[in-house]
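The values are calculated or read from the model by the stated rules, or taken from the named source; none is laboratory data. What you are looking at is a predicted structure, and each value in this text was computed from that prediction instead of being measured. FYI the Cβ positions are ideal-geometry reconstructions off the backbone, even for glycines, and counts take in every protein chain you see.
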Amino acid sequence: MCDHRHCDPLCPTETIYDPPIRVVRDFFHPQRVQVVQIVEVVNRHHCVPVYEKVVQVVEREEDCTHHHHGGHATVAGEKAKTKSKSKGRRAVRRK
């Protein structure tokens, strides 16, 4: 509608254009990208000492007629003095 003050036949309406405004719409689509991850398996071997008890039997003969205490120990037919047992661990022999 024209108002008498704005619709003057001597000043017709003009149309001008502003520069365009850019509107960007982004669309995202999946793209497969294969990533190769190399896994290196290292098999490490360790020696672990496992103690096994070895029993050595020593026999001795005692002559009870002389009431002598302490006697002699015999190992494989030889005479040896009786020794006290040590309570510490012995070194492990590997085969």
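What to note about this one:
- Residue pairs meeting the criteria (Cβ under 6 Å; at least 6 apart or on separate chains; first free of Cβ contacts under 8 Å to residues at least 40 places away in the same chain and on the phi > 0 side of the Ramachandran plot, in the range 10-26; second aromatic (Phe, Trp, Tyr) and part of a loop (DSSP other than H, G, I, E, B)): none
For (1) of a type in the set (Val, Ile, Thr); (2) surrounded by 10 or more Cβ atoms within 10 Å (Cβ to Cβ); (3) touching a Ser or Thr at 6+ places or on another chain (Cβ under 9 Å); (4) at pLDDT 95 or above, each residue gets a yes or a no:
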site	(1), (2), (3), (4)
Cys2	no, no, no, no
Glu40	no, no, no, yes
Cys64	no, no, no, no
Gly70	no, no, yes, no
Thr74	yes, yes, no, no
Lys85	no, no, no, no
